[in-house]
1. PRE reach from PHE69 (point 7 Å along Cα→Cβ): which of the range 85-107 fall under 18 Å by backbone N?
2. Return the sequence-ordered ³J(HN,Hα) values of the range 86-102 in whole Hz as given by the Karplus equation 6.51 cos²θ - 1.76 cosθ + 1.60 applied to θ = phi - 60°, using x for Gly and Pro.
3. Determine the alpha carbon to alpha carbon distance for each of LYS76/LYS131; LYS67/LYS136; LYS51/LYS136; LYS56/LYS131; LYS67/LYS131 and list only those over 23 Å.
4. I need the peptides 76-83, 114-121, 146-153, 57-64 ranked by packing, meaning the mean over residues of other C-beta atoms within 10 angstrom, with the highest value on top.
5. Within the range 131-158, find all residues whose amide N lies under 16 Å from a label point positioned 7 Å from the Cα of LYS76 along Cα-to-beta-carbon.
6. Pop a pseudo-label 7 angstrom from the Cα along the beta-carbon direction at both ALA154 and LYS136 and give the gap in nm to one decimal.
Amino acid sequence: PFSGKTDLNINACYPIKAIIFLERGITNEIRLLSGKEAIYNILLGERSNGKSYATKKLCLWEAYHEKDFKTGKPKKRYQFGYLRRWREEIKSRDIELYFADMPIEEITDGQFNGVYSYRNDIFLKKEEDGKIVDKKLIGSAFALSMVTHYKSLAFPNIGNIIFEEFITSSGYLDAEVR
């Protein structure tokens with residue numbers, strides 16, 4: 001262990017309860033972070049208890065609105081990344097079905113009525129008489145198996161990442177941490 005000012009330290013092992021990042025500030029303070037302030041949020045739980053639904057709704061909201069989901073205060077609008085392990089899992093039809101249960105009209109105040117995907121970009125769409133009359137880019141889909149393709153690309157407008165089914169029973173990528 002590192003001891004900054006004294007030689008008082010104990011070499012011992014304990015379960016991790018928290019990871020703390022120290023930053024220089026104007027005042028000294030320590031407090032619990034809200035979920036939105038955390039560097040990473042990981043949702044774990046039993047199947048069919050609303051994790052995916054709530055996450056999709058939040059990401060769609062933040063990709064459409066320029067205000068905070070909870071407070072309504074103005075903030076930058078961010079797109080989201082939809083991450084899956086295999087390329088076969090990011091087909092347009094599958095992406096559209098993934099968002100099919102979302103209340104798009106409610107989220108967009110009636111401006112859009114669905115989601116569609118084209119070339120791994122994800123859009124809100126306004127469809128009338130079977131034709132798309134308006135669209136808005138809200139996210140992109142990525143496959144971990146294609147990581148070398150994405151290495152040198154920048155995605156500065158992505159603020160949230162949805163990584164569905166990251167714990168798998170069907171196999172991991174060759175170099176993926178197990």
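1. Answer for the range 85-107: 98-107.
2. So the J values, rounded to whole Hz, are 10, 4, 5, 8, 10, 6, 3, 4, 5, 5, 5, 5, 4, 9, 5, 8, 8.
3. Details: LYS76/LYS131 30 Å; LYS67/LYS136 17 Å; LYS51/LYS136 25 Å; LYS56/LYS131 25 Å; LYS67/LYS131 30 Å.
Violating the 23 Å limit, Cα to Cα: LYS76/LYS131; LYS51/LYS136; LYS56/LYS131; LYS67/LYS131.
4. Numbers: 76-83: 18.0, 114-121: 16.4, 146-153: 9.6, 57-64: 20.9.
Descending mean neighbour count gives 57-64, 76-83, 114-121, 146-153.
5. Only 139, 154-158 pass the distance filter.
6. Computed distance between label sites ALA154 and LYS136 equals 2.5 nm.
Read-outs: derived from the displayed coordinates by stated rules, not from any lab. If you're wondering where the values come from, they're calculated on a predicted model, not measured in any experiment. So basically every Cβ, Gly included, is an ideal-geometry build from the backbone, and we count neighbours across all protein chains shown.
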